[in-house]
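Notes follow once the structure below has been shown.
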Amino acid sequence: MDLDEVADRLYGLPPADFTAARTAEAAAAKESGQVRLAREIAALRKPTVSAAAVNRARREHPELLAELLSVGEGLRAAWAEGDADALAELTRRRGEVTGKLARLLRQGGLSGAAAMEADQTLDAAVVDEEAAGLVRLGRLVKPLSYSGFGGPSGLPSAGPGLGRTSARPRRATRSAEEVERERREAGERRARELAQAESDYQEWRDTLALAVQELDERSEKVARLEKKLAKARKKQNESHQRVEVARREERLARQRLEKAH
């Protein structure tokens with residue numbers, strides 16, 4: 001057992017199951033004498049809801065995700081070469097694949113904020129090679145995003161204007177980019193805060209559920225033991241009564257014997 005093997009198992013789980021599974025994996029490593037591995041496993045961070053959804057897509061829909069990442073590679077190359085025809089075709093394919101993945105991700109019951117973060121993560125994987133590698137690995141702990149209007153590699157986000165030249169003056173274009181960037185960054189901050197709050201809530205809810213389960217199990221055990229103890233006390237009282245009866249009868253019998261002499 002190594003860290004990669006364990007991490008791959010853990011990050012394939014729903015967030016609600018992550019904490020308990022991580023604790024079990026760390027305990028198993030420690031029991032087998034792999035103390036360092038146990039510490040490394042315990043340090044693995046629980047994924048946010050949106051990150052877990054993308055991790056799940058990598059496992060449940062690998063062909064579709066691989067197609068999106070392949071489209072991203074093509075888009076980055078076409079953008080660098082200035083190939084407008086390739087950009088148009090790849091943008092169309094990107095929209096189709098992204099739409100399919102978005103529908104599949106939302107089937108898991110993602111909240112609006114988590115769904116938006118998942119979409120941003122897929123966008124980042126399309127425009128940025130490093131982000132694509134992280135998504136392909138399937139061990140995200142938080143959503144990915146790219147800064148700026150054009151993304152980390154200069155490729156604009158998906159939309160009908162991809163590859164087209166704006167007729168507006170350069171100064172006005174920069175201003176629009178700044179407004180769009182600020183709006184996007186504000187939305188991303190709100191989404192991160194909400195997602196972190198949801199993640200914290202779910203983790204403590206999971207912890208509470210485990211604690212309640214443990215309390216219930218031990219309470220049941222105590223109740224069983226108290227029931228056995230009550231039965232044992234009842235039998236003990238019956239034995240005390242028999243001893244008293246036997247003592248009384250023994251004393252009377254001794255008195256009769258003495259009189260007979």
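Brief remarks on what is shown
- Some residue of the stretch 116-133 being at pLDDT 50 or above and assigned to a loop (DSSP other than H, G, I, E, B): yes
- Residues satisfying the criterion are absent from the stretch 98-118 (criterion: over 19 Å from Ala7 (Cβ atoms), among the acidic types (Asp, Glu) and surrounded by fewer than 21 Cβ atoms within 10 Å (Cβ to Cβ)).
- Number of residues in the stretch 81-102 that are farther than 14 Å from Leu122 by Cα, free of Cβ contacts under 8 Å to residues at least 12 places away in the same chain and not in a loop (DSSP other than H, G, I, E, B): the value is 4.
- If the condition is being closer than 16 Å to Val97 by Cα and either crowded, with 22+ Cβ neighbours inside 10 Å or among the basic types (Lys, Arg) (or both), then the stretch 72-86 contributes Gly72, Leu75.
- Matching residues, the stretch 134-163, being modelled with pLDDT of 90 or more and either of a type in the set (Phe, Trp, Tyr) or in a helix (DSSP H, G or I) (or both): Leu134, Val135, Arg136, Leu137
- A single entry from Leu44, Leu68, Leu64, Leu37 fulfils the requirement of being at pLDDT 90 or above, open to solvent by less than 60 Å² (accessible area, probe 1.4 Å) and not in a helix (DSSP H, G or I): Leu44.
The values are calculated or read from the model by the stated rules, or taken from the named source; none is laboratory data. The structure displayed is predicted, hence computed values, not measured ones. Neighbour counts run over all protein chains shown; Cβ positions are idealised from the backbone, glycine included. These area figures cover heavy atoms from the full protein model, side chains too; ligands, DNA and RNA do not enter into them. Shrake-Rupley method; radii C 1.70, N 1.55, O 1.52, S 1.80 Å.
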